[in-house]
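A.B. asks: Submitted below is the structure of interest, expressed as structure tokens.
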Amino acid sequence: MTPGRLITLKGLPANLRIPAYTPREHGVGIVHIGVGAFHKAHQAVYTDDALASEGGDWRIIGVSLRSPKAAEELNPQNGLYTVIERGEGHRPARVIGSIAEVIPAQGNILRLLEILCDPTIRIVSLTVTEKAYGIDRRSGGADKGHSAVATDLANPQNPGGVLGILVASLARRKETGIPPFTVLCCDNLPENGIFLRGGVVDFANQLDEELGRWIAAHVAFPSTMVDRITPARTPVTMSDTKKLTGFEDLAAIETEPFSQWIIEDHFPTGRPAWEAGGAIFVKDVEPYENMKLRILNGAHSMLAYTGFLSGKKFVSDVMQNPDMARLVRRHIAAAAGTLDPLPRIDLDEYAASLIQRFTNRNIAHETYQIAMDGTEKLPQRIFQPAVSALKRGQSLDAFAFATAAWMRYCFGHLDSGETYDLRDPRQNQIAKGLQRLNSPKDRAEFLFNLESLFPDELLSAADWRDKVISNLIRMIGKGIRAAVIHEAQFVVLMDWTSPT
Ligand code: CS2
């Protein structure tokens with residue numbers, strides 16, 4: 001018999017963790033833009049814990065900007081879904097009740113703007129990926145070359161992009177005398193609150209400078225560091241959920257046991273008691289963001305490019321290869337070396353736990369998933385730490401190797417000749433540029449010169465360019481696997497970095 005769909009908390013097995021509150025008794029207080037697996041494994045879980053511990057009207061209305069899928073999965077289930085945690089030897093599952101509803105933005109923008117202007121909404125949070133903001137990293141303002149920004153500036157009453165939606169709803173709140181909501185960016189970007197504030201204020205200024213000034217003076221944009229490795233769901237997620245809950249759950253996700261959330265405590269309009277789920281509130285998030293972006297995400301990107309090109313489908317497969325694992329350890333150590341000491345954080349412990357998380361064979365995290373959007377990710381993950389290493393007189397080897405691996409990935413084919421889709425917002429420009437060039441050096445130079453990608457400090461460091469180019473020459477000449485073996489033999493590992 002096919003089990004029914006998960007629509008209520010009734011009838012769930014007694015050993016399954018379910019919300020320790022009655023979801024429908026709590027009103028909404030948050031609109032979250034970008035209800036993907038990561039939001040469901042992270043902020044929604046913390047909010048579930050906060051509701052259970054302190055109560056309050058803090059349930060979430062999810063918004064999806066592009067596809068109606070999240071709404072189709074969650075709405076028929078009254079927002080309920082299962083999270084399976086996959087770690088060594090255990091597989092706890094819990095049902096989350098913090099999401100009230102999901103609204104696909106397309107076709108519903110007027111309703112969405114109405115909700116965003118409702119005074120009960122006090123926080124608008126976002127996980128839309130780096131490329132969706134439409135903010136120019138160099139100027140820090142709205143990027144008029146970004147299609148959503150250009151379209152929304154031309155038609156600000158009917159927006160479809162992040163900046164347009166935030167500015168249209170803040171403008172309405174200003175007009176009607178409703179206090180603004182707090183904007184909480186939860187994407188992997190350095191100083192993400194300041195970054196988003198710059199884009200929103202500049203976008204508003206293009207329409208009405210008085211509005212821009214009001215946003216700058218009255219809207220809070222706290223920064224956050226978010227961390228939980230959340231792979232795409234697989235058919236096993238679905239079949240395991242059915243076994244664990246007894247119900248069909250089309251919105252189920254799986255994630256790792258580890259979770260971290262560090263938040264700048266600046267919420268003039270109030271917030272849920274996220275500390276109930278373990279969130280840490282601090283004054284300055286930037287050092288924690290740098291730690292995570294440079295160590296975890298930097299090593300992730302490096303291993304994703306080398307791993308994908310070597311035929312390793314999952315992160316844990318990469319970690320099974322001793323040479324690649326050595327390079328991961330080297331990368332972590334090099335990235336950690338670019339950071340100042342952090343209060344309450346032992347970097348050696350952080351690094352050791354990261355190795356364990358990457359090695360977790362219970363989650364199927366695809367290297368191809370992480371390889372996506374390299375031009376959006378590498379500046380903060382690889383290039384900025386490389387600049388710090390350069391300034392500190394430290395070795396550039398790990399960062400140059402990671403950069404060469406990304407460049408090799410940009411070619412769009414494996415050593416075998418098999419092709420793949422780059423999945424990067426600049427893929428057409430990259431493919432076109434590389435097509436007319438043959439030598440590895442010319443190809444590297446073309447990629448170095450992509451607009452606003454590499455920091456000037458790196459471009460003017462001859463040693464950096466030479467290192468990247470010689471790695472790329474080796475990757476092409478000998479093949480990626482031989483290049484990995486070659487590079488790994490020079491790695492000197494110390495203390496925790498030694499393979500066990
Ligand atoms: C990953 C991140 O896909 C990627 O680029 O590096 O999504 C990573 O899994 C998360 O930031 C972990 O918190």
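A.B. asks: Which one of these does Asp317 not meet: (1) touching a residue at least 60 places away in the same chain (Cβ under 8 Å); (2) more than 14 Å from the ligand (Cβ to nearest atom); (3) assigned to a helix (DSSP H, G or I); (4) more than 30 Å from Glu54 (Cβ to Cβ)?
C.D. replies: Among (1) touching a residue at least 60 places away in the same chain (Cβ under 8 Å); (2) more than 14 Å from the ligand (Cβ to nearest atom); (3) assigned to a helix (DSSP H, G or I); (4) more than 30 Å from Glu54 (Cβ to Cβ), Asp317 violates only (1).
A.B. asks: Can you pull out every residue in segment 301-315 that is open to solvent by less than 10 Å² (accessible area, probe 1.4 Å) and either in contact with a Pro (Cβ under 9 Å, 6 or more places away or on another chain) or farther than 16 Å from Thr419 by Cα (or both)?
C.D. replies: If the condition is that a residue be open to solvent by less than 10 Å² (accessible area, probe 1.4 Å) and either in contact with a Pro (Cβ under 9 Å, 6 or more places away or on another chain) or farther than 16 Å from Thr419 by Cα (or both), then Ser301, Met302, Leu303, Ala304, Val315 are the ones that fit.
A.B. asks: Any chance you could count how many residues in segment 275-305 are within 14 Å of the ligand (Cβ to nearest atom) and of a type in the set (Phe, Trp, Tyr)?
C.D. replies: Within segment 275-305, residues that are within 14 Å of the ligand (Cβ to nearest atom) and of a type in the set (Phe, Trp, Tyr) number 2.
A.B. asks: Does segment 386-406 hold any residues that are of a type in the set (A, V, I, L, M, F, W, C) and not in a helix (DSSP H, G or I), and which are they?
C.D. replies: Residue satisfying the conditions is Leu396 alone.
A.B. asks: Just checking, which of Arg233, Arg197 is open to solvent by 40 Å² or more (accessible area, probe 1.4 Å), within 16 Å of the ligand (Cβ to nearest atom) and within 23 Å of the chain's Cα centre (by Cα)?
C.D. replies: Arg233
A.B. asks: Moving on to the next point. Here are Asp340, Asp348: which of them is assigned by TED's automatic domain parsing to the domain that holds Glu451, more than 16 Å from the ligand (Cβ to nearest atom) and more than 27 Å from Ala461 (Cβ to Cβ)?
C.D. replies: Just one listed residue meets the conditions, Asp348.
A.B. asks: Right, here's the next one. I'd like to know if segment 156-174 contains one or more residues that are β-branched (Val, Ile, Thr) and surrounded by fewer than 21 Cβ atoms within 10 Å (Cβ to Cβ).
C.D. replies: Just the residues of segment 156-174 that are β-branched (Val, Ile, Thr), to begin with: 162, 165, 167.
Still in the list and also surrounded by fewer than 21 Cβ atoms within 10 Å (Cβ to Cβ): none.
There is no residue in segment 156-174 that is β-branched (Val, Ile, Thr) and surrounded by fewer than 21 Cβ atoms within 10 Å (Cβ to Cβ).
A.B. asks: Let me ask something additional. Filter segment 265-300 down to residues that are among the acidic types (Asp, Glu), closer than 29 Å to Phe399 by Cβ and surrounded by fewer than 19 Cβ atoms within 10 Å (Cβ to Cβ), then give me how many there are.
C.D. replies: 2
A.B. asks: With Ile370, Ile382 as the choices, which residue is within 24 Å of Asp136 (Cβ to Cβ) and in the same structural domain as Asp421 (by TED's automatic domain parsing)?
C.D. replies: Details: Ile370 fails: within 24 Å of Asp136 (Cβ to Cβ).
After applying the criteria, what remains is Ile382.
A.B. asks: Next question, about the same structure. Would you be able to tell me the number of residues in segment 325-343 that are of a type in the set (Val, Ile, Thr) and without any contact (Cβ under 8 Å) to a residue 24 or more places away in the chain?
C.D. replies: Residues flagged as of a type in the set (Val, Ile, Thr) and without any contact (Cβ under 8 Å) to a residue 24 or more places away in the chain within segment 325-343 amount to 0.
A.B. asks: Is segment 73-85 home to any residue that is under 21 Å from the mean Cα position of the chain (by Cα), at pLDDT below 95 and open to solvent by 30 Å² or more (accessible area, probe 1.4 Å)?
C.D. replies: No, every residue in segment 73-85 fails to be under 21 Å from the mean Cα position of the chain (by Cα), at pLDDT below 95 and open to solvent by 30 Å² or more (accessible area, probe 1.4 Å).
A.B. asks: Being in a loop (DSSP other than H, G, I, E, B), of a type in the set (A, V, I, L, M, F, W, C) and open to solvent by less than 80 Å² (accessible area, probe 1.4 Å) is true for just one of Leu437, Leu447, Leu472. Which residue is that?
C.D. replies: It is Leu437.
A.B. asks: Determine which single condition Gln260 fails, assuming it passes every other condition in (1) in contact with an Asp or Glu (Cβ under 7 Å, 6 or more places away or on another chain); (2) within 16 Å of the ligand (Cβ to nearest atom); (3) open to solvent by 50 Å² or more (accessible area, probe 1.4 Å).
C.D. replies: (3)
A.B. asks: Return the residue satisfying two criteria in turn: it lies in segment 214-230 and is of a type outside the set (Gly, Ala, Ser), in a loop (DSSP other than H, G, I, E, B) and more than 16 Å from the ligand (Cβ to nearest atom), and of such residues it is farthest from Asn192 (Cα to Cα).
C.D. replies: Just the residues of segment 214-230 that are of a type outside the set (Gly, Ala, Ser), to begin with: 214-215, 218-219, 221-222, 224-230.
Checking the rest, the ones that are also in a loop (DSSP other than H, G, I, E, B) come to 219, 221-222, 228-230.
From what is left, the residues that are more than 16 Å from the ligand (Cβ to nearest atom) are 219, 221-222.
Details: Val219: 15, Phe221: 8, Pro222: 8 Å.
Across segment 214-230, the extreme among qualifying residues is Val219.
A.B. asks: Of all residues being among the β-branched types (Val, Ile, Thr) and crowded, with 16+ Cβ neighbours inside 10 Å in segment 316-367, which is modelled with the lowest pLDDT? Just the residue, please.
C.D. replies: Taking the candidates together, the pick is Ile363.
The values are calculated or read from the model by the stated rules, or taken from the named source; none is laboratory data. None of these values were measured; they are calculated from a predicted model. Positions of Cβ are generated from backbone atoms using ideal geometry, with glycine treated the same way; all protein chains shown enter the neighbour counts. For accessibility, only protein heavy atoms count, side chains too; no ligands or nucleic acids. Shrake-Rupley method; radii C 1.70, N 1.55, O 1.52, S 1.80 Å.
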